[in-house]
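Notes to accompany the following structure.
The values are calculated or read from the model by the stated rules, or taken from the named source; none is laboratory data. No experiment lies behind these values; they were computed from the predicted model shown. Don't worry about glycine lacking a Cβ; one is built from the backbone with ideal geometry, like all the others, and counts go over all protein chains shown. SASA here: full protein model, heavy atoms, side chains in, ligands and nucleic acids out. Shrake-Rupley method; radii C 1.70, N 1.55, O 1.52, S 1.80 Å.
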Amino acid sequence: MKGNKTKNRWLIAASAVGIHISIGSVYAWSNFTNPLIDQFGWSTSQVQLTFSIAILFLGLSAAFLGHFVEKYGPRKAGIMAAICFGSGVIGSGFAVSASSLPLLYLFYGVLGGIGLGVGYIAPVSTLVKWFPDRRGLATGLAIMGFGFAAAISSPIMEALITSVGLKNTFFFLGVSYFLVMILSSLYLEKPEEGWAPAGFIEKVKAGKIEQKRDLAQLTANEAVKTKRFYYLWLMLFINVTCGIGILSAAKPLAIDSIGMTTIQAAALVGVLGIFNGAGRLGWAATSDYIGRQNTYTTFFVIQIFLFALLPFTTNALLFQIMLAVIYTCYGGGFASIPAYIADIFGTKQLGAIHGYILTAWSAAGLAGPMFAAWMKDMTGSYESSLLYFAGLFVVAFVISILIRVDIRKVQVEGEKPALKPLEKVVSG
């Protein structure tokens, strides 16, 4: 792979961001809700099911196509994602033309969802290999793009729907996403075996930086047989379940508990989305310095207290600050998990293992909002669900300790692989 010598790892990162900003537009789906309802008379639940199907297939495709990413590489996987997601959005325009809800489910939900899953894991698993010195920062950059995508896409969608109509909006966006994802994918490539950024080996030899060893180099099938795989799965599941729960309840909580107006509450939700994106980069980059284990334990300690205090908070400023911190932890959980996987399972089949772990996202996407809504129906308010979420974070905290014990056990038993010498240095 001689061509890798001309690759710039920061352009690899930029390509990953390009893919994630495109597929992350799925979080701006709500822009289509009212126009679809107004045009066809479909119910809110019918329209929102499109988004749910897309997230479901994101998790399923990430799990089942992770091996495809590892076998054929990030470029082919990225092209596949571009074809699926671009075609899914373009096909949604034809579904609108045909006034067909089932076609919308098929194109945007199923086909687009497959593109989401493959597009999510392909660049991330590659970035980890290009940034052995800054795994958290690299994955945080890409996944930050996914988090910020809605803020970028929403005003564009609104402007297009108003000016060219619903059908043409899907056509325009589909073609645009396809082109951005294709161009980004064409630059993606794995580094050569033994590659390291310029000066990295010299700094290691001089003792200026520590070359961290991966706990093991496991295949995806080997990883799922370990306790720590399920510890990671559960930690992500709890963090996302509670995060999505508070996402779905933030607006009514602000109105009912704090007394904000509907407009103020809507503005608050929009601003908090920025903290979601910023947390993805901030926490992931921080994890390079304090370690992934400490990062996740910190998530859970912070959120135990914040979720327990939120129901009793009546000060509007304090309420907003607490929600902002929670949103950073929610986003940070997504961005830190790929580097955590690499630390304890290695990069041998990182994409496939990441895909398996992301099934926690799909499961949490169903569990979080449903639980919050059920508690609202049972008790008449969202506040009581927050206390249960605080209890779940106590469980997550315990799991974060158990995974430390398991990792220490592996280290003591000497199961760490021999570190391959990094002989070839290429400027990054």
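Being within 15 Å of the chain's Cα centre (by Cα), modelled with pLDDT of 85 or more and in a helix (DSSP H, G or I) is the requirement here; does residue 146 meet it?
So residue 146 fits the description; yes.
Pull out all pairs, ordered by first then second residue, where Cβ-Cβ is under 7 Å, the residues are six or more apart or on different chains, the first lies in region 306-319 and is over 12 Å from residue 254 (Cβ atoms), and the second is at pLDDT 85 or above and open to solvent by 40 Å² or more (accessible area, probe 1.4 Å).
Listed pairs, sorted by first residue: 306/325; 308/387; 311/387.
Which of the residues spanning region 212-260 are surrounded by fewer than 17 Cβ atoms within 10 Å (Cβ to Cβ), over 30 Å from residue 346 (Cβ atoms) and at pLDDT 80 or above?
Across region 212-260, the qualifying residues are 255, 259.
Of the residues 352, 339, which single one is open to solvent by less than 10 Å² (accessible area, probe 1.4 Å) and under 21 Å from residue 411 (Cα atoms)?
On the way: 352 fails: under 21 Å from residue 411 (Cα atoms).
Going through 352, 339 in turn, the sole match is 339.
Taking residue 99 as the residue in question, decide whether it is of a type in the set (S, T, N, Q) and in a helix (DSSP H, G or I).
The answer is no for residue 99.
How many residues, within region 240-270, are without any contact (Cβ under 8 Å) to a residue 24 or more places away in the chain and of a type in the set (Val, Ile, Thr)?
Of the residues in region 240-270, 5 are without any contact (Cβ under 8 Å) to a residue 24 or more places away in the chain and of a type in the set (Val, Ile, Thr).
Please indicate, with yes or no, whether at least one residue in region 91-101 is open to solvent by less than 10 Å² (accessible area, probe 1.4 Å), more than 17 Å from residue 355 (Cβ to Cβ) and under 23 Å from the mean Cα position of the chain (by Cα).
no
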